[in-house]
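Q: After the structure tokens below, expect a handful of questions from me.
No lab work stands behind these numbers, since they all come straight from the coordinates. Source: prediction; values computed, not measured. Every residue, glycine among them, receives a Cβ derived from its backbone with ideal geometry; neighbour counts consider all protein chains shown.
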Amino acid sequence: MRLLLVSLAVLLVSGPASASVVWRGDFETGDRSQYSTSQMVSADRLQVVTSPVAEGRYALKATVKQGDNPINASGNRNEVVHWGNETEGTEYYYRWKVMFPTDYPSVRTWQLFTQWHHDGCCGSPPVEFYVYGDELRLRLTNGADVWTAPLVRGVWNEFVFHVKWSSNPAVGFIELWHNREKALAKRSLATMYAGTQNYLKLGLYRNNTITQTGVVYHDGFIQATQLADVLPPPETPDAGTPPVDAGTPAPDSGATPSSPAQEPGSGSGPAPESNSGDASGGVDRGSQTDAMSAGFGCSVAGSPLAVISLVSLIGGLSLRRRR
């Protein structure tokens, strides 16, 4: 009986395990094995490193030099590829972190660091996170930038991206948080091309006119069907931190396409590409963004109320045994 009660206490305090995480690409395996494939000219261009890291023990260091063209297509690149479940009607939350070193090139042309590409021909990817000059930008199928922000070098940028994948602009939508702040309110638009599927590419893909070496770090990528499961765990206070007042809510942080070929492009935006592939479906869920907007809250399973109830239960059982 005592062992059962201890096990119950651990369950109530820790809370139930997440069941909505679809995939992790956080490099905590110490290599690139979480990803379907890599497009790189050599292994030194996509290194799993122990410093710098945003979380855990490992991160990806993506390096691109002028002339790096592993798939004989437009632009220069070195990227990891994950063939996921981004099909018509699926809905996911994504969270990842990116750092641009202090010497990252400032050029007035496109440099993609995260993209969701389509498996059809041709044109630009449906979703492009990229750098232009000294700005971070997000561009979608409509060819317009829907979000921009200043590029701050030498720090980790955290992105939380909520997407309903659909070629129908009345069905598809996006939301974006940047460094825990709401950056883009929920917006309806097409997030994929009709008759295609999307897949993820991380690393660095840029205009081949850039001569400087570019380095980007990626870490902590996670895909889930619930917002709470892409949020990082709450920071543990040190021994000198005073306890939180009982009346104050405690914070809570809640098959691979074969060598895609790209068509050359021009202009200020990323060059169009061409690819083929296949994927399976995902899970369709409703919007779950209130938690992020309202701040981080503690789950009932781990609340003081649950612990008090457990203590009362244990006391009652002990008293009954004495009788």
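Q: What are the ³J(HN,Hα) values, in whole Hz, obtained from phi via the Karplus relation 6.51 cos²θ - 1.76 cosθ + 1.60 with θ = phi - 60°, for each residue of the stretch 155-162 in sequence order, with x given for Gly and Pro?
A: For the stretch 155-162, the Karplus curve yields 9, 7, 9, 9, 10, 10, 10, 10 Hz.
Q: Does the stretch 152-221 come out rounded, prolate or oblate by the C-alpha gyration tensor, with a ≥ b ≥ c the root eigenvalues, rounded set by a/c under 1.5 and, if not, prolate when a/b is larger than b/c and oblate if not?
A: Oblate, because a/c is 1.5 or more while a/b does not exceed b/c.
Q: Okay, moving on. Can you list the residues, at least 5 places off or on another chain, whose amide H is less than 5 Å from the amide H of residue 123, using H built in the peptide plane?
A: For residue 123, whose amide H was placed from the backbone, the distant partners under 5 Å are 263, 273.
Q: Find how much the distance from residue 51 to residue 185 grows on full extension, using 0.36 nm per residue of separation minus their present alpha carbon separation; answer in nm with one decimal.
A: Difference between extended and current length: 44.9 nm.
Q: Which order do peptides 115-121, 167-173, 27-33 fall in by mean Cβ count within 10 Å, highest first?
A: So the order, starting with the most tightly packed, is 115-121, 167-173, 27-33.
Q: Near the amide H of residue 87, under 5 Å away, which other amide H atoms are found, from residues 5 or more places off or on another chain, if H is placed in the peptide plane?
A: Under 5 Å from the amide H of residue 87 lie the amide H atoms of 282, each far enough along the sequence or on another chain.
Q: If you place +1 on the Cβ of every Lys and Arg, -1 on the Cβ of every Asp and Glu, and leave all else neutral, what size is the dipole of the stretch 152-192 about its Cα centre, to the nearest 20 Debye?
A: Computed charge dipole of the stretch 152-192: roughly 60 debye.
Q: May I pose another question? Pull up all non-local amide H partners of residue 69: gap of 5 or more, or a different chain, and H-to-H distance under 5 Å with H placed in the peptide plane.
A: Amide H neighbours of residue 69: 77.
Q: At a Förster distance of 30 Å, what's the computed FRET efficiency of residue 194 paired with residue 145, Cβ-Cβ distance as r, to 0.05?
A: 0.85
Q: Let me ask something additional. Which of the three applies to the stretch 184-236, rounded, prolate or oblate, going by the alpha-carbon gyration tensor with a ≥ b ≥ c and a/c under 1.5 meaning rounded?
A: oblate
Q: How far, in nm, would the chain grow between residue 134 and residue 42 when pulled straight, counting 0.36 nm per residue and subtracting the alpha carbon separation?
A: That works out to 30.3 nm of additional length.
Q: While we're here: For the stretch 39-149, just say rounded, prolate or oblate: build the C-alpha gyration tensor, square-root its eigenvalues into a ≥ b ≥ c, call rounded for a/c under 1.5, and beyond that prolate if a/b exceeds b/c, oblate if not.
A: In terms of gyration-tensor shape, rounded.
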